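> Sharing a structure here in structure tokens format.
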Amino acid sequence: MVRTLETILAIASLVVATEMVFGAEAEFVQENCASCHALTEPDFEALGIEARAERKAPPLYYAGDKYRRDWLVEWLQAPERIRPAGVYPPAHISSSPDGDEIDEASLPTHVVLDQSQAERVADYLSSLRPYQERIDSVTYEPGSISWRMGQMNFVKFNNCIGCHQDEPGYGGVSGPELHTAWDRLRPEFIFSYTKDPVSWDPHTMMPGGDLNDGAVEKLANYLKAVSEEAE
Ligand code: HEC
Ligand code: HEC
């Protein structure tokens with residue numbers, strides 16, 4: 001990718017501005033989170049796809065484009081498991097005569113922050129928005145879909161259920177659970193990631209890139225319905 005000097009300078013001054021506003025928070029996150037989470041974009045090409053197996057935690061360098069701030073504040077104080085079989089499922093699943101089993105004991109528990117730390121970390125993470133333009137260009141308007149149609153799309157037509165749960169304990173375990181996706185993720189992110197996962201993560205384990213906007217809208221609306229149902 002070729003960047004003009006002007007955009008390079010604009011990005012650099014943005015980074016400097018963020019450091020100035022969130023100096024203490026940036027340092028806290030660097031010290032307490034960087035051992036597992038990517039806080040800057042990795043050089044995916046240099047790393048190679050083998051590096052996906054070594055990934056310890058989901059990347060956070062585009063956290064502001066991905067998460068709802070309020071969810072971050074809550075979750076960081078009371079983290080609940082999102083990936084039923086961990087960040088790299090093959091490392092936590094073993095085959096048994098009864099089928100695949102998750103080795104629960106091998107899954108790490110998450111560090112817990114107090115309220116003031118969680119608020120400040122959430123503010124800092126929300127400022128990390130390298131893909132703001134991509135998010136701003138999403139035209140998806142959240143809407144409703146009937147339960148039956150939504151489920152048909154999620155289960156039958158697209159087999160999202162093969163890797164994702166749309167209800168606690170129901171569905172595949174190789175991807176993050178999606179029954180809380182709407183509470184967790186920005187709607188534009190859900191749309192964009194479902195449409196083109198590789199543009200977010202060149203090493204993603206999710207296949208994709210073949211759905212049209214209408215199909216993606218229906219899936220996003222279903223995730224909205226699923227979350228609202230759980231409330
Ligand atoms: C020992 C490794 C480790 C450290 C240190 C760590 N995390 Fe995590 N983090 C994880 C793992 C593993 C997950 C995935 C949990 C899951 O899917 O259930 C995770 C998930 C998250 C998520 C949800 C991400 C998503 O997309 O599902 C956030 C937000 C997060 N961590 C923030 C932090 C912050 C902030 C810190 C520092 C205060 C931190 N983590 C420190 C391992 C770590
Ligand atoms: C073959 C398994 C697989 C299938 C099928 C699949 N996904 Fe995924 N999906 C994943 C994995 C794995 C991730 C997390 C990326 C990673 O860790 O590499 C993911 C991530 C996501 C995310 C981002 C969630 C987050 O918290 O980071 C959304 C949204 C999503 N998938 C929606 C869908 C939808 C909708 C479908 C059906 C069209 C679908 N997925 C089909 C495996 C799959």
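> Among (1) within 13 Å of the chain's Cα centre (by Cα); (2) open to solvent by less than 40 Å² (accessible area, probe 1.4 Å); (3) within 12 Å of ligand 2 (Cβ to nearest atom), where does ARG68 come up short?
So the condition that ARG68 fails would be (2).
> Additional query: Identify the residue in the range 176-212 that is touching a residue at least 24 places away in the same chain (Cβ under 8 Å) and more than 21 Å from ARG68 (Cα to Cα) and, among all such residues, is surrounded by the fewest Cβ atoms within 10 Å (Cβ to Cβ).
That would be PRO202.
> Limited to the range 203-231, what total is found for residues that are of a type in the set (Phe, Trp, Tyr) and touching a His at 6+ places or on another chain (Cβ under 7 Å)? It would help to see each step written out before you state the result.
Kept after step one, since they are of a type in the set (Phe, Trp, Tyr), are these residues of the range 203-231: 222.
Now restrict to residues that are touching a His at 6+ places or on another chain (Cβ under 7 Å): none.
Residues meeting the conditions: 0.
> Take the range 53-64 and flag every residue that is under 12 Å from TYR124 (Cα atoms) and either of a type in the set (Val, Ile, Thr) or in a helix (DSSP H, G or I) (or both). Don't jump to the end; show me each part of the working.
From the range 53-64, those under 12 Å from TYR124 (Cα atoms) are 60-64; that's our starting set.
Scanning the range 53-64 gives ALA63, GLY64.
> Looking only at the range 213-231, which residues are open to solvent by 30 Å² or more (accessible area, probe 1.4 Å) and over 23 Å from ALA85 (Cα atoms)?
Answer for the range 213-231, where residues must be open to solvent by 30 Å² or more (accessible area, probe 1.4 Å) and over 23 Å from ALA85 (Cα atoms): ASP213, GLY214, GLU217, LYS218, LYS224, GLU228, GLU229, GLU231.
> Still on this structure: Of all residues in the range 75-107, how many are within 16 Å of ligand 2 (Cβ to nearest atom), surrounded by 12 or more Cβ atoms within 10 Å (Cβ to Cβ), not in a helix (DSSP H, G or I) and not hydroxyl-bearing (Ser, Thr, Tyr)?
Restricting attention to the range 75-107, the residues satisfying the condition of being within 16 Å of ligand 2 (Cβ to nearest atom) are 75-76, 79-93, 100, 102, 107.
If we keep only those that are surrounded by 12 or more Cβ atoms within 10 Å (Cβ to Cβ) too, we end up with 75-76, 79, 81-89, 91-93, 100, 102, 107.
So of that shortlist, the ones also not in a helix (DSSP H, G or I) come out as 79, 81-88, 92-93, 100, 102, 107.
So of that shortlist, the ones also not hydroxyl-bearing (Ser, Thr, Tyr) come out as 79, 81-87, 92-93, 100, 102, 107.
Number of matching residues: 13.
The values are calculated or read from the model by the stated rules, or taken from the named source; none is laboratory data. None of these values were measured; they are calculated from a predicted model. Positions of Cβ are backbone-derived with ideal geometry, glycine not excepted, and every protein chain shown enters the neighbour counts. The protein model used for the area step is the full one, side chains on, heavy atoms only, and it has no ligands, DNA or RNA in it. Shrake-Rupley method; radii C 1.70, N 1.55, O 1.52, S 1.80 Å.
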